[in-house]
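Just so you know, all these numbers are worked out from the coordinates, no wet-lab data involved. Everything quoted here is computed from the prediction, not taken from an experiment. Quick reminder, even Gly has a Cβ in these numbers, built from the backbone with ideal geometry, and neighbours come from all protein chains shown.
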Amino acid sequence: MSPELREAALLLLGCPEVPVQQALALHLLGRLRADGYAVTCAGNPAVLQLLRVSDPGRHYIGPAIEIERCIGELAEGKRAPALCVAFAHSDAGLTFAATARHLLPEARFVLLVFGREAEALAEEATFPCEKIVEKAVHNPTRLKRRIDEVFAWSA
Amino acid sequence: MVCVEDMPCEVIFSRASFAECREHVERHCPRYCHVDPGFRLFDSYLIGVPPIAIGVDGDAVLFPYTKPCHGTFLLRIEDAGEAARLASRCRDRKTG
């Protein structure tokens, strides 16, 4: 029986060109759901289709929304998740994350910064958040380990 | 609702960083203002790192527009109504 879903969470996904994002998004979807979160994914049409195709039985992915529409709903107060996890491997990803952080001042906000320029990019993220930074591109293992530590899934 | 992508516009910068767009607006637009993310402009909600700089040059409005896979574009759209709406918020451009 599925656990009762208690709180809303939002995964804010960036451009899918860096492979680790896909694996980590599915990992987070599974783990957060097991923790009782009702998770919505926001991203561009390509990234949402990648997730849907990867999960034909819909074991992990739930509601999904196009990212600009999601930002609009946050701005209008129609959506107020208790947790937001934002993926950023580019200036654009960081820009969307900064927007979501501003619109969700009360939420727990976890920023995953990855890709070849992760360290330089992370320095640009000056808004309040829990930052996880790894140069991961193809191999998600270290980033997954860091995520599991932050969410206390390591044990 | 009119989508920004359907409006006739001039692309000042494409695939730029958000900071480059902000600096251009503050240095080159006769008047500009700062707004927060989620500010409504042309029936869209602005995406950006606060403060977001919006420029006004006559009847034209210059603003950043970010797409996840393509970075930030600095767009210029002629719209007297939006320019007038922003006028009271604006200050003169930075010099020096």
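Collect the residues in the stretch A:1-16 that are under 25 Å from A:Arg142 (Cβ atoms) and either basic (Lys, Arg) or within 14 Å of another protein chain (Cβ to nearest Cβ) (or both), keeping them in residue-number order.
Listed by number, the residues that qualify are A:Leu11, A:Leu12, A:Leu13, A:Gly14, A:Cys15, A:Pro16.
Given (1) closer than 15 Å to B:Phe18 by Cα; (2) out of contact with any Lys or Arg (no Cβ under 8 Å at 6 or more places or on another chain), where does A:Ala122 come up short, assuming only one miss?
Among (1) closer than 15 Å to B:Phe18 by Cα; (2) out of contact with any Lys or Arg (no Cβ under 8 Å at 6 or more places or on another chain), the lone unmet condition for A:Ala122 is (2).
Tell me which residues, restricted to the stretch B:36-51, are more than 10 Å from the chain's Cα centre (by Cα) and surrounded by 15 or more Cβ atoms within 10 Å (Cβ to Cβ).
Correct list: B:Pro37, B:Gly38, B:Phe39, B:Phe42, B:Ser44, B:Tyr45, B:Ile47, B:Gly48, B:Val49, B:Pro50.
Restricting to the stretch A:17-69, give me the number of residues that are more than 14 Å from chain B (Cβ to nearest Cβ) and assigned to a loop (DSSP other than H, G, I, E, B).
12
Please state which one of A:Ala75, A:Ala86, A:Ala100, A:Ala80 is closer than 17 Å to B:Ser44 by Cα, in contact (Cβ under 8 Å) with a residue 60 or more places away in the chain and within 14 Å of chain B (Cβ to nearest Cβ).
A:Ala100
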